[in-house]
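Participant: Take a look at this one; I'll ask things after.
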Amino acid sequence: MGLLGKLSFKDQAFRLREDAILDATTRILSGKGFDLMTMDDVANAVGISKPSLYKHFKSKDDLVGEAMVRLIDGALAFLADMPADLSAKQKLAALLEWALRVRLEGGMPFLPSTSPQVREMLMKNLKYVMRVMKLNGQIEKFITSAQKAGDLNPALPVDVILFSYYSRTCDPAVEFLQLYSKLGTDDIVTHMLHVCFEGLQA
């Protein structure tokens, strides 16, 4: 029996509405960004009143922080379900593929890269920071293992590879390809993975 099955009807409705709020928040953030998004936007998108929205999240910062926590939880869950026999490089590629597909579907706002205000807001969110640290730790282990296996350049510092890897999830080339090329989602993902891990050389 899942978590919802153990909750009362009222609690189930509350949880489902909260999911709808976070879905709407993610879509609006992906389109408008943090500065332009308002609580009215979210309430209208979900079809609830603003007072009802505030029963779930007391501020815009709390709402956006929870949306980002949910995104990272999705990445951590994806990692937990990965086959154990994949190499470290294969795990990195699989996680990046997941992230690119989520992004192409409008489910990944690249907030931390948008402004110092957003970064400061997220760094004050302990729940978010703890999730990021956990995700970073797992990715760093994959990078180190891939370097030892000769699949990634061992001369590069781990941080350089880590932040280059993260940057692929918010590379504007993805949007340009989606908007202006004739490539479908699968082709965009395939080519972006190749550029990330194999570069541009023939």
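Participant: Expressed as a rounded percentage, what relative contact order does the chain have, with Cα pairs under 8 Å and six or more residues apart? Before the final figure, lay out each step's value.
Facilitator: Values: 140 pairs, mean separation 42.0, N = 202.
Contact order relative to length: 21 percent.
Participant: Sort 49, 8 by Cβ crowding within 10 Å, fewest neighbours at the top. Write down the numbers at each step before the final one.
Facilitator: On the way: 49 11, 8 8.
The most exposed by this proxy come first: 8, 49.
Participant: With the cut-off at 1.5 for a/c, could you classify the chain from its C-alpha gyration tensor as rounded, prolate or oblate?
Facilitator: Prolate shape, in that a/c is at least 1.5 and a/b is the bigger ratio.
Participant: Efficiency by 1/(1 + (r/R0)^6): what FRET value for residue 201 and residue 84, r their Cβ-Cβ distance, R0 = 30 Å, to the nearest 0.05? Kindly include the intermediate steps, with their values, before the conclusion.
Facilitator: Values: r = 32 Å, r/R0 = 1.06.
So the FRET efficiency works out to roughly 0.40.
Participant: Let me ask something else about it. I'm a student and want to see the number: the projected area of the Cα convex hull of the stretch 99-167, averaged over all directions, in nm². Provide the component values of the computation, followed by the final result.
Facilitator: Working: hull surface 22.0 nm².
Average projection, Cα convex hull of the stretch 99-167: 5.5 nm².
Participant: Please list, ordered by chain and number, the residues whose modelled amide H lies under 5 Å from the amide H of residue 108; skip anything fewer than 5 residues away on the same chain.
Facilitator: Counting only residues 5 or more places away or on other chains, the set is empty.
Participant: Follow-up. Given the stretch 68-200, what count of lysine pairs have C-alpha atoms under 18 Å apart, with each pair 8 or more places apart or on different chains?
Facilitator: Values: 89/141; 89/148; 91/134; 91/141; 91/148; 124/134.
So the count works out to 6.
Participant: Order of 166, 128, 54 from fewest to most other C-beta atoms within 10 Å?
Facilitator: Details: 166 17, 128 21, 54 14.
Neighbour counts put them in this order, fewest first: 54, 166, 128.
Participant: Could you compute the net charge surrounding residue 39? Neighbours are other residues with a C-beta less than 13 Å from the C-beta of residue 39; K and R count +1, D and E count -1.
Facilitator: Working: positive: 32, 50, 55, 58, 60; negative: 40, 41, 61, 62.
Local charge sum for residue 39: +1.
Participant: I'd like the distance between the alpha-carbon centres of the stretch 142-202 and the stretch 34-88, rounded to an integer number of Å.
Facilitator: The distance from the Cα centre of the stretch 142-202 to that of the stretch 34-88 comes to 25 Å.
Participant: Can you run phi through the Karplus equation (6.51, -1.76, 1.60; θ = phi - 60°) for the stretch 133-145 and list ³J(HN,Hα) in whole Hz, with x for Gly and Pro?
Facilitator: The phi angles translate into 4, 5, 5, 4, x, 5, 5, 4, 5, 4, 4, 4, 5 Hz.
Participant: Hey, another quick one. Viscosity 1.306 mPa s, temperature 10 °C: Stokes-Einstein D of the stretch 1-81 from its Kirkwood Cα radius, in µm² per second?
Facilitator: Values: Rh = 13.5 Å.
Diffusion coefficient, whole number: 117 µm²/s.
Participant: Helix-only mean residue ellipticity at 222 nm, the chain, DSSP H runs n ≥ 4 weighted -39,500 (n - 2.57), per residue, nearest 500. What is it?
Facilitator: On the way: 10 runs with 141 residues, N = 202.
-22500 deg cm²/dmol, from helical runs alone.
Coordinate-derived values only; no laboratory data. Just so it is clear, the structure is predicted and the values come from calculations on it, not from any experiment. When we count neighbours, we look across all protein chains shown, and the Cβ atoms used for this are built from the backbone with ideal geometry, even at glycine.
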